[in-house]
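Take a look at the structure below.
The values are calculated or read from the model by the stated rules, or taken from the named source; none is laboratory data. Since this is a predicted model, take the numbers as computed values, not measurements. Using ideal geometry, Cβ is built from the backbone for each residue, glycine included, and neighbour counts are taken over all protein chains shown. For accessibility, only protein heavy atoms count, side chains too; no ligands or nucleic acids. Shrake-Rupley method; radii C 1.70, N 1.55, O 1.52, S 1.80 Å.
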Amino acid sequence: MTHVDINELKAKNKDYVLQPASSITALLSNGPQMICSAKGSTITDSDGQSYLDAVGGLWCVNVGYGRKELAQVMSEASEQLAYYHTFSNASNPWQVQLAEKLVSIAPAGLGKVFFGNGGSDANDTLVKIAWHYHSLRGKPTKTKVIAREQAYHGTSISTASLTGLGGFHKEFPLPLDFVLRTDCPHFYTRGQAGETEAQFCDRMINNVQQLIDEEGADNIAAFFAEPIHAAGGIIEPPAGYYRKLKALLQQHDILLVVDEVVCGYGRLGSWFGSQLLDIEPDMLSSAKGLTSGYFPMSAALISDEIWEVMRQGSEKLGAFSHGYTYSGHPVGAAVALANIQLIENEGLVEAARDNGAYLHRSLEQSLGSHPNVGEIRGRGLLAGVQLVADKDSKTLPDPAEKWPLKVTNAVKASGVIVRPLPSVGTIAISPPLVITRAEIDRLVGALSQAIAF
């Protein structure tokens, strides 16, 4: 990057940029934090201050920052074929190789891949495919989609509707009426007095059954679920939940769509969360760790059964009328292939499992007995620290007191970045899979010190 005046750029940022998921008033008052470089698990801003990024960008920089291997692949692919579309049966070698690789590591039964630009469009694509699939089978009324409270599935019009976090609906005419809402299956915050975890699980499934009965199975196309809620609080359903959910959905001819945008590509200590949590998806969305954030790309996978229905429908309809200008982008596919190869060659799935266990042990040892920490949850290198105002009653902090933001600001003052999840009073952790144990110790130390209030 040629020499630029950072202060001038910060001023222009306020003048010209509408920031995503940001406070406009805070930006105008304080300006942006300008991130200028990064390496491994560390980012550095324009003031020369370095931070251990224990969020991995936005849950995505799985192989770490500054990987020359990916930069080189990006350069070489750009020189060979900077771009060509994949409409009208055009393709490119990288798209084909990537699709083959993804099918080989994905949950069993997912045999075809559709490429897009990010997690929101991957989920949007799968909503449309669910509608398309049922319509082709003579069931055009199956258009409603069930999604859970505290879910996060994106911010496009359809996926913001699926998202079960109210902040994404305020002052928008959302959610759209095709979305049906069911419970967030979080035993810690939603279990009833005297209820066992197994009883709670059965209640969650029975509530889904009741919703299906009320709405009519003939009107419901799909159920969207993250293996572990990410932005909604790092929440894993109770044991047996997904097995019982799948059986119920199969009984009513409702597709199970698993949103692996955060959990995929090693984050939980397995290639996908579905494999770890015994989930059998009919369709699966992924992005983020697919390229470790080095290129905007998503991959939506569908079952062979769904593809066969679409194949037969094509005989009548011709083209599958859906796609994006950058679907199957040759440079993005090349980067994704190289990224997956790095994850394999460096054993980063196994590292996420082993170092993730170390992270969770360390958090438990340092914070498990703290009076304002109610629960430490997650899998692999995905962790959530639940803040509570009262541990015995499991009372969450008053949102107006902004505990998560205060904790994350204190952690940042120590040179570490974690993420506040204010809607559930939780601190989220999802570092690059290359994080070292020494860096984990630093992270846990900074967090422990910040929560010592």
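Brief remarks follow.
- Normalised alpha carbon radius of gyration of segment 118-225 [divisor 2.2 N^0.38 Å]: 1.15
- Dimensionless Rg ratio for the chain, taking C-alpha atoms and the 2.2 N^0.38 Å reference: 0.98
- Extension gain (nm, one decimal) between Leu405 and Gln312, 0.36 nm per residue minus Cα-Cα: 28.3 nm
- Order by protection proxy (mean Cβ within 10 Å, highest first), peptides 297-308, 228-239, 76-87: 228-239, 297-308, 76-87
- Radius 10 Å from Cβ of Arg181, net charge of other residues (Lys, Arg +1; Asp, Glu -1): -1
- Descending by average beta-carbon neighbour count within 10 Å, the peptides 367-376, 4-13 line up as 367-376, 4-13, the highest first.
- Distance between the C-alpha centres of segment 424-444 and segment 15-34: 26 Å, rounded to the whole angstrom.
- Diffusion of segment 260-397 by Stokes-Einstein, at 10 °C in a medium of 1.306 mPa s and with Rh set to the Kirkwood radius over alpha-carbon pairs, works out to 89 µm²/s.
- Span from the segment 230-257 Cα centroid across to the segment 328-375 one, whole angstrom: 23 Å
- Accessible surface for Leu27 stands near 20 Å², nearest 10, in the context of the full protein assembly shown (1.4 Å probe).
- Rolling a 1.4 Å probe over the protein heavy atoms gives the chain an accessible area of 44 Å² per residue.
- Beta bridges assigned by DSSP with both partners in segment 204-291 are antiparallel in approximately 10 percent of cases.
- Every helix of 4 or more DSSP H residues in the chain counts as -39500 (n - 2.57), and over all residues that averages to -12500 deg cm²/dmol at 222 nm.
- Counting protein heavy atoms only, segment 303-453 has 50 percent of its accessible area on carbon and sulfur, 1.4 angstrom probe.
- Highest average packing first - 342-349, 123-130, 266-273, Cβ atoms within 10 Å: 266-273, 123-130, 342-349
- Positive end of the dipole of the chain (Cβ unit charges, origin at the Cα centre): among Ser423, Met283, Gln95, the Cα lying farthest that way belongs to Ser423.
- Given charges at Cβ of Lys, Arg, Asp, Glu: segment 162-262 dipole, positive-most of Phe178, Gln210, Val262: Val262
- DSSP-defined beta bridges in the chain - what % are antiparallel, rounded to 5: 65 percent
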